[in-house]
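Worksheet for the structure shown next.
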Amino acid sequence: MEELRLDSLDGVGPVTTKKLTDAGIHNIMDLVVRGPVEVAEITGMDKETAEKIVNKARQQLVEEGLIAKDFVSATEIYKRRQDIGKISTGTNCLDLLFDGGIETQALTEVYGEFGSGKTQFCHTMCVNVQKTKEEGGQEGGVLYIDTENTFRPERIVSIAKANGMDPEKVLDRIIVARAYNSAHQILILEEAGPIIKENNIKLIVTDSAAGLFRAEYLGRGTLSERQQRLNKFLHLLVRTAETYNCAAIATNQVMSSPDVFFGDPTRPIGGNIVAHTSTYRVYFKKSGKKRIARMVDSPHHPEQEVIFTLTEAGVSDPEEETKKKKKEESE
Ligand code: GTP
Ligand code: MG
């Protein structure tokens, strides 16, 4: 294409053109794709010059309407954000914490020590997502990536019954994928697209997200590799949630005392690397028979704590537990 010729750019003469062409950059689209850092590296020109040339190239592409696609996709992103839905937790306390429920197009990370209720929360959300929108659900199915063999259909049955739902129908809408190693865990998600579409999946659970990575990559030497692989998975999870307008939950077990790998327990899974706007972090903590949930560094939620309990109905409001006890006592 004539208009994409390198020498159509101001300041790009025959010498620069030859340098760029030798480096495999044949037109101004190539320039924009490679970016100034790489252009400077492969041509030996100084960084400032490379930046100028790439900026001009981008400007020209915009003027010619060739990279208008970026702007369209921004509009698409905006439109898409209007579609964000919420899935109620079925409790007043946790809905307060989540401002109505967990969001679609977002990853909600739940971390906490063993027995803090992470898996129970996942099971409860598997039922709640199936409720009608009026009831706080998304009328959707679930993809449950089970890495620790802790998915229990019996728990689904009892939570469904407690919600007055048909347990068989509820079970039918949950697709369980057992991940045997971290590579398999990534593969399951990479191949999940058609399954998500066909089954109108509105919730993807990964319980736990970090466990297999932690088990396989032992020792300090492999720490950064583990983190990279885990981040790959989490990024894919966020992208999948955004693309299919699903909610995603990823759990992570941390020690109650600061964990060696994760450092400060309030800095879970990917640490700073997975600082994505569509990620919410919730910390679950045991406190006797009760549980405490704390929202951690969310841009959209106030940092607050709520108290919840675990019952046969899944995650529950503490007062309901008290009410039930009182009822039992009076009977
Ligand atoms: P790890 O996976 O070990 O890190 O723990 P977790 O955070 O996933 O804990 P999980 O969600 O499995 O919580 C286990 C706790 O839930 C148990 O200790 C019980 O207190 C509670 N729980 C599980 N099922 C029931 C139930 O049917 N009734 C009641 N009342 N509590 C339950
Ligand atoms: Mg668990």
Discussion item. Can you compute the label reach from E312? Point 7 Å from Cα along the Cβ direction, backbone N cut-off under 12 Å, restricted to the range 146-175.
Written reply: 155, 157-163
Worksheet item: So, with a 1.4 angstrom probe, what is the percent of accessible area on the range 2-63 that is carbon and sulfur?
Response: 49 percent
Discussion item. Per residue, how much accessible surface does the range 28-168 expose to a 1.4 Å probe? Answer in Å², no decimals.
Written reply: 48 Å²
Fill in: Whole-number percent relative contact order across the range 2-63, with pairs defined as alpha carbons under 8 Å at least 6 apart
34 percent
Worksheet item: Ignoring ligands, DNA and RNA, what percent of the accessible area of the range 89-326 is carbon or sulfur (1.4 Å)?
Response: 51 percent
Worksheet item: Which order, highest average first, do 91-100, 176-185 follow once you tally other Cβ atoms within 10 Å for each residue and take the mean per peptide?
Response: 91-100, 176-185
Fill in: Rounded, prolate or oblate (a/c below 1.5 giving rounded, otherwise prolate when a/b exceeds b/c) for the range 89-326 by Cα gyration tensor
oblate
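The values are calculated or read from the model by the stated rules, or taken from the named source; none is laboratory data. If you're wondering where the values come from, they're calculated on a predicted model, not measured in any experiment. Note that each Cβ is placed from the backbone with ideal geometry, even for glycine, and that neighbours are counted across all protein chains shown. Heads up: the accessible areas ignore ligands, DNA and RNA and are worked out on the full protein's heavy atoms, side chains in. Shrake-Rupley method; radii C 1.70, N 1.55, O 1.52, S 1.80 Å.
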